[in-house]
Amino acid sequence: MAQVIVVTSGKGGVGKTTSSAAFATGLAQAGKKTVVIDFDVGLRNLDLIMGVERRVVFDIVNVITGEAKLSQALIRDKRVESLSILPASQTRDKDALTKEGVATIIEELSKEFDYILCDSPAGIEKGALLALYFADQAIVVTNPEVSSVRDSDRILGVLQSRSKRAEEKKEPVKEHLLVTRYDPVRVERGEMLKLDDIQEILRIPLLGVVPESESVLKASNTGNPVILDAESQAGQAYKDAVARFLGDDRPMRFTDSEKKGFLSRLFGGRAA
């Protein structure tokens with residue numbers, strides 16, 4: 001039976017879709033048969049970040065309404081053999097998603113895949129609630145800023161009260177914290193929250209810390225999940241997070257500022 005993972009946050013723009021693409025790719029690279037579903041009906045960005053936008057013929061709404069079979073809507077990734085993408089619709093309303101329709105899709109995908117990742121829209125509107133409803137595990141993505149952490153705390157409350165597991169009084173959704181856009185130098189200046197402060201507020205296990213990196217924007221613009229960029233710190237951080245998720249014990253990297261020499265301080269320099 002597949003594990004259903006929702007990638008969620010309370011706030012937009014924190015890197016959920018980037019994280020969904022990277023995490024799904026990493027699981028597939030580890031040999032796990034993985035599918036990632038875009039629940040952001042009306043916007044649809046996952047296909048762009050995955051580089052498959054020109055291959056979208058049918059989407060999740062077409063499957064729910066019976067206009068297409070699931071096998072017709074699934075897009076196989078050409079870089080990682082065991083990875084598939086189910087895109088969202090760009091033209092339909094969010095109300096086109098139904099709990100029964102999503103349940104049928106997840107049930108069918110569970111027969112073929114090890115992991116089903118649900119890329120949730122921000123907030124708690126219908127698409128977001130459906131993305132988290134069926135979750136066995138949740139990756140809560142937050143930035144090191146007060147508003148982002150506060151909104152993530154709100155999402156944790158929703159996970160604990162409105163998931164299928166909560167309804168059926170089963171073991172709670174297993175929660176993981178992923179901190180993105182982390183800049184140790186700005187943390188030292190007091191411009192961002194410290195990791196300890198974030199963890200004290202949210203009180204869920206830390207899965208990974210992804211540093212602020214220009215490679216994330218470059219990866220998004222070229223349609224290549226940043227985890228495929230093995231030279232970048234962000235790519236390495238996502239690799240570490242996937243490894244920890246799968247049970248590997250890895251030290252947390254990119255959480256301390258590097259002490260620069262005189263020339264580095266003189267000429268600057270940013271993380272890749």
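The values are calculated or read from the model by the stated rules, or taken from the named source; none is laboratory data. Worth saying up front: this structure is predicted, and the values here are computed from it rather than measured. Because the Cβ atoms are built from the backbone with ideal geometry, glycine has one as well, and the counts that use them run over all protein chains shown. Note: areas computed on protein heavy atoms with side chains; ligands, DNA, RNA excluded. Shrake-Rupley method; radii C 1.70, N 1.55, O 1.52, S 1.80 Å.
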Applying the selection to the stretch 119-130, what residues are farther than 26 Å from residue 195 by Cβ and either modelled with pLDDT of 95 or more or not in a loop (DSSP other than H, G, I, E, B) (or both)? 126, 127, 129, 130
Hey, does the stretch 28-46 have a residue that's of a type in the set (S, T, N, Q), part of a loop (DSSP other than H, G, I, E, B) and within 26 Å of residue 148 (Cα to Cα)? yes
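Yes or no, residue by residue, for (1) outside any strand (DSSP E or B); (2) among the acidic types (Asp, Glu); (3) surrounded by 23 or more Cβ atoms within 10 Å (Cβ to Cβ); (4) without any contact (Cβ under 8 Å) to a residue 24 or more places away in the chain:
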| position | (1), (2), (3), (4) |
| --- | --- |
| 141 | no, no, yes, no |
| 147 | yes, no, no, no |
| 152 | yes, no, yes, no |
| 156 | yes, no, no, no |
| 166 | yes, no, no, yes |
| 171 | yes, yes, no, yes |
| 177 | no, no, yes, no |
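Yes/no per residue for (1) open to solvent by less than 30 Å² (accessible area, probe 1.4 Å); (2) touching a strand residue (DSSP E or B) at 6+ places or on another chain (Cβ under 6 Å); (3) farther than 17 Å from residue 106 by Cβ:
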residue	(1), (2), (3)
4	yes, yes, no
22	yes, no, yes
26	yes, no, yes
36	yes, yes, no
45	no, no, yes
If I ask for residues that are among the hydrophobic types (A, V, I, L, M, F, W, C), surrounded by fewer than 20 Cβ atoms within 10 Å (Cβ to Cβ) and either modelled with pLDDT under 90 or part of a loop (DSSP other than H, G, I, E, B) (or both), which ones from the stretch 97-106 would you list? none
Expected output for the stretch 239-265 (first residue assigned to a loop (DSSP other than H, G, I, E, B) and open to solvent by less than 40 Å² (accessible area, probe 1.4 Å), partner modelled with pLDDT of 70 or more and acidic (Asp, Glu), Cβ below 8 Å, 6+ apart or cross-chain) is 257/188
Return only the number of the condition from (1) closer than 27 Å to residue 48 by Cβ; (2) at pLDDT 90 or above; (3) of a type in the set (D, E, K, R) that residue 250 does not satisfy. (1)
Which residue out of 68, 88 is outside any strand (DSSP E or B) and either in contact (Cβ under 8 Å) with a residue 40 or more places away in the chain or of a type in the set (Val, Ile, Thr) (or both)? 88
I'm trying to understand the selection: among the residues of the stretch 203-235, which are open to solvent by 40 Å² or more (accessible area, probe 1.4 Å) and small (Gly, Ala, Ser)? 230
Do the conditions hold for residue 201, that is, is it within 16 Å of the chain's Cα centre (by Cα) and either assigned to a helix (DSSP H, G or I) or more than 18 Å from residue 245 (Cβ to Cβ) (or both)? no
Would you please name the residue that is farthest from residue 107 (Cα to Cα), looking only at residues in the stretch 179-192 that are open to solvent by 70 Å² or more (accessible area, probe 1.4 Å) and in a helix (DSSP H, G or I)? 188
Scan of the stretch 6-20 for residues that are at negative phi and either open to solvent by 10 Å² or more (accessible area, probe 1.4 Å) or assigned to a helix (DSSP H, G or I) (or both), ordered by number: 10, 11, 12, 16, 17, 18, 19, 20
